[in-house]
Amino acid sequence: LPWHTVKRIDKARLVRELPEVDYGSLRTLVMDEFALHKGHRYASVVADADTRQVLWIGEGRSRESIRPFFESLGEHCDQIEAVAMDQNSAFDLEVKMHCPNAEVVYDLFHVVAKYGREVIDRVRVDQANELRQNKSARRAVKRSRWLLLKNKDNLNEEELVRLEELMNANQSLAQVYVLKEQLKELWRSSSIWGAFKRWRTWWRMCRESKIKPLLAFADKLRPYLRGIIASAKYPLNTSVLEGMNNKIKVIKRTAYGFRDTEYFFLKIKHAFPGK
């Protein structure tokens with residue numbers, strides 16, 4: 001059989017077997033994006049946070065691109081209580097427009113990853129530049145990237161010793177590392193008020209540090225405060241979709257890419273029918 005014929009048969013099977021979406025039971029959602037093709041072409045994906053069923057996929061990551069999903073929800077938009085996402089203004093603005101009762105919950109993983117890029121990496125490079133006359137100390141700072149970015153629980157004994165030595169030798173790196181760990185605690189609060197108090201403490205320590213990359217990051221994070229402390233009431237995250245994204249990459253790689261985007265999206269929905 002020609003491969004076009006095989007694809008047509010398989011596509012018809014996917015359409016026939018695809019489970020229906022029970023919009024009436026939806027309460028919490030997760031939204032994310034993934035690379036569709038090379039050249040900064042992306043697709044957006046929405047899943048049920050409870051069942052992990054992929055509900056909708058569409059090309060693009062703008063407000064106009066994701067609007068068809070909310071239009072398909074229709075009157076069920078009012079029952080959505082919370083939507084987890086990264087700091088994508090297109091996503092949150094569209095959620096606020098269509099789902100008046102929903103709280104936007106910003107994902108811990110994306111915020112901490114951004115902190116690593118914009119604060120830890122920047123301070124590490126600045127400190128290495130200041131140590132040009134001390135080659136051994138400069139080498140230790142330059143090679144400390146993964147020590148500073150990895151979770152402390154994932155470090156072995158040798159790495160823990162190196163981290164402690166680095167903290168004792170460099171005050172700026174010690175400050176941004178401790179504040180990274182305290183930033184994570186905002187997502188581990190048991191109440192909204194508790195999360196807000198932790199934010200105030202973290203914000204004050206950022207001010208007192210006078211470290212420019214840290215101050216700039218705190219200023220950019222402040223407008224997202226409501227979505228951060230909302231995680232105390234709705235402990236959602238997009239780690240579910242991060243795992244899905246890995247499987248999506250496998251589907252794409254196994255087929256050596258897809259010329260038919262609709263067929264690709266059907267493959268993804270079929271791979272995640274929900275629990």
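Here, each number is a calculation from the coordinates, and none is a lab measurement. In this text, all values refer to a predicted model and were calculated from it rather than measured experimentally. Because the Cβ atoms are built from the backbone with ideal geometry, glycine has one as well, and the counts that use them run over all protein chains shown.
Quick notes
- The calculated 222 nm mean residue ellipticity attributable to helices in the chain amounts to -17000 deg cm²/dmol, summing -39500 (n - 2.57) over DSSP H runs of n ≥ 4 and dividing by all residues.
- Working from Cα pairs under 8 Å separated by at least six residues, relative contact order for segment 108-231 is 27 percent.
- Rounded, prolate or oblate (a/c below 1.5 giving rounded, otherwise prolate when a/b exceeds b/c) for segment 1-74 by Cα gyration tensor: oblate
- Shape of segment 202-275, Cα gyration tensor, a/c cut at 1.5: prolate
- For the listed residue pairs LYS38/LYS152; LYS11/LYS275; LYS142/LYS247; LYS114/LYS210; LYS114/LYS275, the alpha carbons are over 29 angstrom apart in LYS38/LYS152; LYS142/LYS247; LYS114/LYS275.
- Trypsin sites (Lys or Arg not before Pro) restricted to segment 48-102 and DSSP loop, no more than 16 other C-beta within 10 Å: ARG52
- Angle between the chain longest axis and helix 212-221 axis [Cα atoms, degrees, rounded to 10]: 30
- Using alpha-carbon coordinates, inclination of helix 171-184 to the longest axis of the chain, degrees: 30
- Under-5 Å amide H pairs with PHE272, H placed in peptide plane, nonlocal only: VAL54
- Amide H contacts of LEU36: ARG41, TYR42, ALA43, each under 5 Å away and 5 or more positions distant or on a separate chain (H built 1.01 Å from N in the peptide plane; Pro and chain starts excluded).
- 0 to 90° range, to nearest 10: angle between helix 3-17 axis and the chain longest Cα axis: 90
- Taking N as the residue count of segment 108-231, its C-alpha radius of gyration divided by 2.2 N^0.38 Å amounts to 1.10.
- Approximate shape of the chain as ellipsoid semi-axes (Cα gyration tensor, √5λ), whole Å, largest first: 40, 25, 15
- For segment 97-160, dividing the convex hull volume of the Cα atoms by the residue count gives 93 Å³ per residue.
- Those chymotrypsin sites (Phe, Trp or Tyr not before Pro) in segment 180-275 that DSSP places in a loop and that have at most 10 other beta carbons within 10 Å: TYR256
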